[in-house]
1. Just checking the output field for B:216-226: average partner chain Cβ neighbours within 10 Å of each residue's Cβ?
2. Output wanted: per-residue J couplings in Hz (rounded whole) for region B:237-254, from phi through Karplus 6.51 cos²θ - 1.76 cosθ + 1.60, θ = phi - 60°, x for Gly and Pro.
3. Do the sum for chain A: with -39,500 (n - 2.57) for every DSSP H run of n ≥ 4, divided by all residues, what is the mean residue ellipticity at 222 nm, to the nearest 500 deg cm²/dmol?
4. Check which residues have an amide H placed less than 5 Å from A:Gln239's amide H, if you skip close sequence neighbours.
5. Roughly speaking, what is the centre-to-centre gap between region B:200-268 and region A:219-269 when only Cα atoms are used, to the nearest Å?
6. Let me make sure I get this right: for region B:89-153, a, b and c are the square roots of the gyration tensor eigenvalues over alpha carbons, sorted descending. Under 1.5 in a/c it's rounded, otherwise prolate if a/b > b/c, else oblate. Which is it?
7. Show me the GluC sites (Glu not before Pro) within region A:69-114 that DSSP assigns to loop and that have at most 14 other Cβ atoms within 10 Å of their Cβ.
8. What average number of partner chain Cβ atoms lie no more than 10 Å from the Cβ of the residues making up A:52-61?
Amino acid sequence: MSEITTTPAQLSVRHLTRHFTTRVPGRLLHAKRVVRAVDDASLDLVRGQVTAVVGESGSGKSVLARMLARIIAPTSGELILEGTTIPAGAKRTLEYASKVQLVLQDPYASTNPVHRIRHSLERPLLIHGAKKHDVEDLAKAALSRVSLDPPERFLDRYPHELSGGQLQRVSIARALCVKPDVLLADEPISMLDVSVRLGILNLLKGLCDNEHLAVLYITHDIASARYLADEIIVMYAGQIVERSRGTALVDEPTHPYTQLLIASVPDPSDPTSQASQSDEHSSYAVPEVGCRFAPRCPFVMDVCRTTDPPVFQVGEGHTSRCWLYADRPEAVVEMALPERRREGETTKT
Amino acid sequence: MIADPLKTQATSKMMDMQLREVAPASAHHEFVLEVNNFNVDYGVGENMVRAVNDVTLKLRRSQVLGVAGESGSGKSTLVYAMTRLLRAPGVISGGDVTLNITNDGDSDEVTPINLVTASEKELRQIRWSHVSIVLQSALNALNPVLRVGREFHEVLKTHRRELTKSQRHARSVELLKMVGLNEDRLARFPHELSGGQRQRIMIALALALDPELVIMDEPTTALDVVTQREIINELNELRSRYGFALIFITHDLSLLIELADEIVVMYAGAIIERAGASELYEAPRHPYTLGLINSFPPMHGDRRELTGIPGSPPDLAELPEGCSFAPRCPYAMARCLHEAPALLNIGDSDRSVACWLHTGDSSVTVPVELSRSSSPSRAHVTVLQDHT
């Protein structure tokens with residue numbers, strides 16, 4: 001494990017925050033409300049590792065991925081690519097795009113239906129400065145990397161002629177053909193058939209192991225995160241609530257939200273797993289002060305409603321943003337510190 | 001036995017009368033729904049694609065039948081055709097569907113109704129009061145310009161004419177309570193509700209007239225896992241209270257194993273395996289079922305590499321000769337490539353599978369992972385797992 005921590009992160013983010021301002025429906029024009037889509041997220045994407053971000057819809061996980069791809073500009077916080085801090089407000093450059101690539105959820109929506117696969121693969125190559133006579137070979141090489149063999153068979157097909165799994169491989173190939181160091185995959189398997197999902201997961205794992213890509217895997221399926229990831233991060237309402245290395249988070253969840261999430265997963269091997277919750281949770285608004293999970297939390301205490309919990313160390317490489325762990329004051333990690341770095345040397349408050 | 005859809009329409013009334021004569025109305029039927037050799041095509045002539053191929057199934061009263069399959073396996077087409085909701089170019093090209101409805105007052109008396117030949121007028125009487133359906137996208141199923149309460153009122157106004165306005169309101173409130181929603185939701189528009197709340201409204205609407213059979217087509221697929229769990233718990237409770245039979249369609253086999261009494265697995269339009277839920281999970285017989293079960297990464301135990309199923313689901317317009325799963329099957333034999341296996345019972349058990357590995361042919365060695373025996377009780381299995 002120690003050699004992992006010493007590996008420098010390819011892409012890091014520190015205290016990344018994105019707020020959206022929306023109008024309150026039915027009120028005067030001036031009535032505005034701030035949606036805290038992502039609050040104070042810090043993480044490191046390391047070469048040869050898969051970092052999984054798990055959360056339900058609206059937890060901010062996709063906004064986080066788009067900030068990492070610099071499609072959405074953060075409200076505050078910084079991105080550090082290969083040790084170089086990217087100045088706030090700087091435009092997304094071609095150079096950045098060639099290092100960090102994003103794969104989207106729906107391959108049918110992210111490929112142009114009127115163009116052949118060749119076009120989808122060659123266009124980014126040309127934009128990124130490949131020689132015109134090289135692009136076909138490069139495109140073929142990219143298809144081979146995602147196990148679409150023989151590549152000639154796929155180059156001249158249209159997206160509708162491929163199955164969902166094949167097309168998702170094409171969109172991964174398209175991301176790979178500019179030789180990125182970081183691959184951001186936003187729910188890459190949720191639109192696919194069950195029987196082809198594992199193929200895509202194994203492909204991501206292979207790219208990570210064999211080609212030392214840093215992979216961010218965004219999902220709502222915690223079982224697939226457990227299968228794939230070296231680090232698992234759970235987000236709730238824009239905040240990172242729990243994170244762990246390896247499978248500790250799934251095997252011994254500490255945050256009540258993670259516990260609820262895991263108990264909700266249908267698990268045929270354990271028919272006794274039955275999470276139940278109060279009705280109409282979805283109507284709970286995220287509170288302005290205190291812990292965001294407090295209205296749904298079965299263990300809620302007074303302090304939860306008044307003060308946002310800091311991040312507590314609950315195990316080796318395992319942190320939780322929950323007041324339940326406050327009885328161990330030595331475990332307090334400063335809020336939103338890059339925990340990965342501070343492993344072992346916990347900060348006293 | 002391919003029937004001309006136009007012809008069946010014309011003779012529907014006659015057929016229906018005949019059917020009622022043959023089956024005595026007083027006979028107690030343990031099955032609420034019987035489907036025999038059911039075929040559904042898309043299009044006619046050369047470009048015809050068979051989406052549901054020779055499906056036979058039976059559903060007992062108050063039971064949950066799970067239908068599992070990937071996109072294009074024909075699971076949705078099956079239920080749309082069964083309930084006569086299928087639109088052109090979908091055509092029912094053979095087989096029959098019998099719904100045994102109970103008469104009011106006397107639960108022992110049933111009237112069999114052939115849904116394939118039933119007239120629009122008869123269907124209107126059956127739909128909602130005897131069979132109701134919950135679709136995947138509640139946002140599309142609810143009218144966006146009507147308040148939720150209007151939907152309830154319209155159902156009750158059409159089917160329960162004797163109710164007064166205040167009685168209809170009282171019933172709507174009662175239905176919302178049943179699915180754990182507050183009565184003030186009646187005044188809301190669909191877009192003001194969350195996905196889970198909308199799906200609860202759909203379930204409440206489906207139960208409005210106490211149907212005997214509820215069909216749910218991927219009702220939780222668009223929902224978060226936590227909301228899905230709440231809906232499933234709610235559904236289990238409602239079922240034990242009201243005793244309706246349920247057909248639950250999903251691609252999520254692990255969810256079905258928990259929810260259903262019996263599961264049928266569909267592949268390329270045909271049922272390839274049918275078994276009790278725990279039997280299916282513990283002792284799958286068809287290589288595709290085994291592959292599906294192994295496609296879900298486990299939540300416990302060591303992480304090990306899983307392979308899933310190679311290849312991709314077949315195109316119904318270009319089905320391979322022989323077994324449709326053979327090109328993806330790791331156990332495929334020469335025979336599989338030429339002859340399609342029929343869905344047959346295994347030995348004398350009541351589970352069935354369509355696979356040449358399980359025809360009792362002694363020259364075929366069944367791989368060990370497809371010949372596991374299912375344990376007698378689930379409690380026993382849990383204990384065993386704890387020890388390992």
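1. On the way: counts 0, 0, 0, 0, 1, 1, 1, 3, 9, 14, 13.
That average works out to 4.
2. 5, 4, 5, 5, 7, 9, x, 7, 7, 9, 10, 10, 9, 7, 8, 8, 4, 5
3. -8000 deg cm²/dmol
4. Those lying under 5 Å, H to H, from A:Gln239 are A:Asp39.
5. One Cα centre to the other: 25 Å.
6. Oblate.
7. A:Glu82
8. 2
The values are calculated or read from the model by the stated rules, or taken from the named source; none is laboratory data. All values derive from a computational prediction rather than experimental measurement. Here Cβ is always computed from backbone atoms with ideal geometry, including for glycine, and neighbour counts include all displayed protein chains. The accessibility values were calculated without ligands, DNA or RNA, using every heavy atom of the protein model including side chains. Shrake-Rupley method; radii C 1.70, N 1.55, O 1.52, S 1.80 Å.
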